Every structure is written in structure tokens, then in C-alpha cells.
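The values are calculated or read from the model by the stated rules, or taken from the named source; none is laboratory data. Computed from a predicted model, the values in this text were never measured in an experiment. As a convention, Cβ positions derive from the backbone with ideal geometry for all residues, glycine included, and neighbour counts pool all protein chains shown. With ligands, DNA and RNA removed, areas are computed over all heavy atoms of the protein, side chains included. Shrake-Rupley method; radii C 1.70, N 1.55, O 1.52, S 1.80 Å.
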Amino acid sequence: MPLALLALAISAFGIGTTEFVMMGLLPNVADDLGTSVPTAGYLVSAYAIGVVIGAPLLTALGARIPRKRMLVLLMGLFTVGNLASALAPSFGLLLAGRVLAGLPHGAFFGVGAVVASRLVSEERQARAVATMFLGLTIANIVGVPVGTALGQGLGWRATFLVVTGIGVLAMASLARLVPQVPQDQHGGLAHELRALGNRQVLLGLLTAVFGFAGVFAVYSYLASMVTEVTGFAESSVTIVLALFGIGMTLGALVAGPLTDRALRPTLYGSLTALAVMLVVFNFTVHIKWAALVSVVLLGAVGFMTTTPLQMLVMNKAKHAPTLASASNHSAFNLANAGGAWVGGVAISAGWGWTSPTLVGAVLAVVGLAIAATAGLLDRGPSEKSRIVAGSDSVPTLSEVR
């Protein structure tokens, strides 16, 4: 694999760390800034709002900017947002810093996925995209636990200063390792918007919203489940979350080659496996060893959905995949927020701590139904799972076997 993928993975590591580390630092932030933990929880939502708004907006504004320069600029904005968060003297300014840090998230992964696919041969493009996403999954194994421990020991500001340093390293890596990637011949905002209106692209985004919501209906309350139901001590929660991250990494490693071989079957299989594992977890969560195994498997099958969904919307957007690719991350963050909300409603309704598992299974089945419907409606030319690289070529599609 090209070294440029390492630069993309380093950037993804920094983004993944800052996205999820706030969940473990909420008590520290609340104590330091004189607010409550529930109010501090808005900092998690603020980042997600930044992603949802920034993904289509920044991608559209940068449609004519060379992709390498765009990646560096987006990582620069990410770095500034984390520095602003680290130095924020008040809760309001910290909230603004979180929105600022979230703005480039979706656009970066959208542009980065297109760049990654152009760096390798046609038959390895999904693996290249999955390699970039490995940085995001490894952040959940290493970055989030270490960042949480650092914030608890030296103060939450130290964590965001370290992430700022990762952002600077990522910018240098992108500038040094990523080659110039030619723009599409038919690029531009109007062309990107027309591609985003493709029915298959919209169904792919809708699949992401519902299917991935099933993951976050459980992940958002995983700490409470394993302490209140499984019986683990609070000190073990970090280990449980790291196991989930290990599962995510395994899922990303498996998803790349499978998506290169057969895109839609990989998507159908991962969503089916996710629904099944969510139902299984409703029972295994009561047994310590079984719960730990299930957490790894949940992370794996949940993250296996991301690569085929990413490749699907890029392929169906045809000659203008960047905006569709970025919008996919808006869809994932809507799934994060929606899954957490639905899971919380189930718990508040008195259905018990394990109820988000069954709610999540229903959401995964809805996502599978949308994906299957999209497959049935796709009566165009033979579907392709990869975007062909080339100095002057535009993306084309290759047959799914």
C-alpha cells in the first residue's frame, strides 16, 4: 500500500480520537467549567452538528480546490478547532470549538476516500479506503483510552493539546506523502450536486442513517450495560470500549477485500450479521465472558458496513463522488445521534438497560430493507464496486461478482 495511505490514516486517528474522547472527559469538563454533566454532554452533540453541517458545505466550497491542498486545509481547520477547544476559557467557547473541530470531519473523509481509491489499482480500491478508516478504528483502541487517562490525570485541556499536535503531524504527513490527484474532468459544484441527487446515492445515505443507528443505539449505553447488567466494575469500562475498538478494526480489515470482491453482498451480509448480533447481545450481556466476546463481534460487524456504504455512494455518484462521499459521513453522524436518542427513549420508557439491543436490531433490519430495495431498483448497467484510477479518467464502475 502507498505511504500516502499512512498520512490519511494518521489524520483519521486524530479525528477519531477527538470525536470520541469527549465522552470520557465530560465529568472533568463539567467540574472545571462549573456546569453539569448532562449539560457538558452537549459538547458531544456539538461535534456531530459540525460534521453534519460541514460535510456538504465544505466539500461544495472546495469543489474546485486540488484534492491534496483540500486535505491539508481541512486538517488545518481541524487543528485550529482543537486548539480553540484546549484554550477555551468558557463553556460557550468550548462548544464553539467543538463545532469548529467537527466541521472538516465529513469533508476530509469524503475527499480522502476518493484520493485513497485513486492511489491503488482498480481491484484494491475498497481495501485502500478501509486502510484509511483503520486510523479511525485504532483511535478507539489507543487514542480514546490514552486521551481519557491523560485528561483525567493532567486535565482535559492537555488531551486537546495533544490532539492539536496530532493534527500538525497529520498536516505535515499529508503535504509530504500524498501526491497530486487530478480533478475530475466534469468537476464543479453543480455537477457534484446533480450526482448527489441520484436515487441510488440517496438510498445509500438512508441505509447508513438507519443501519448504523443500530450500532450507536447500543454503543452509546454500552458502559451502563456492562456495569448495571453484566456486573463489571466501572474501572473495566475502558477495557470493554477498547475491545469494541478491536472489533471495529477487525471489521475494517475484513470489509475491504470483501467489498472489492462483491459490494452489495458484503453490505447485505454485514447488516444481517449486525441485526443478529444485536439480538444475541441481549442475552449474552448477562454473562461476563460471553458479553466480552459479543462486544468484539458487535464492533466487527457494525464497522463492516462502513466500507461498502462508502464505496456504494461514491460509485453511484459516478463522475462526481466527492460530495456524496462526504455526505455519507453526515449520514453516519445522524445515525450516531439518532441511535443514541432512540436507545435512550427505550431506557427511559422503563424497558431496561438491555432494550437498546433490540431497538438497534430493528434499526439494522430497516437499514437492510432499504439496501435490499435499492438493489432491486438498480436496473442500470452492471454495478461496479470500484472507482478506476487514472490521470485523466473519471470514475467508472466495475462489476460486483
Check: Restricting attention to region 169-185, which residues are modelled with pLDDT of 85 or more, closer than 17 Å to G62 by Cβ and touching a Ser or Thr at 6+ places or on another chain (Cβ under 9 Å)?
Finding: M171, L174
Item checked: Qualifying residue in region 211-224 (condition: open to solvent by 30 Å² or more (accessible area, probe 1.4 Å), at pLDDT 90 or above and either of a type outside the set (F, W, Y) or closer than 23 Å to A374 by Cα (or both)) -> no
Next item on the list: Scan region 84-112 residue by residue and report those that are in a loop (DSSP other than H, G, I, E, B) and either in contact with a Cys (Cβ under 9 Å, 6 or more places away or on another chain) or free of Cβ contacts under 8 Å to residues at least 40 places away in the same chain (or both).
Entry: A88, P89
Next item on the list: May I ask you to say which residue of T238, T227, T207, T249 is touching a helix residue (DSSP H, G or I) at 6+ places or on another chain (Cβ under 7 Å), open to solvent by 50 Å² or more (accessible area, probe 1.4 Å) and part of a helix (DSSP H, G or I)?
Entry: T238
Margin query: Against the conditions (1) touching a residue at least 60 places away in the same chain (Cβ under 8 Å); (2) surrounded by 20 or more Cβ atoms within 10 Å (Cβ to Cβ), where does L43 fall short? Just the number, please.
Written below: (1)
Check: Restricted to region 260-285, and to residues that are open to solvent by 30 Å² or more (accessible area, probe 1.4 Å) and of a type in the set (A, V, I, L, M), which residue is farthest from V313 (Cα to Cα)?
Finding: V280
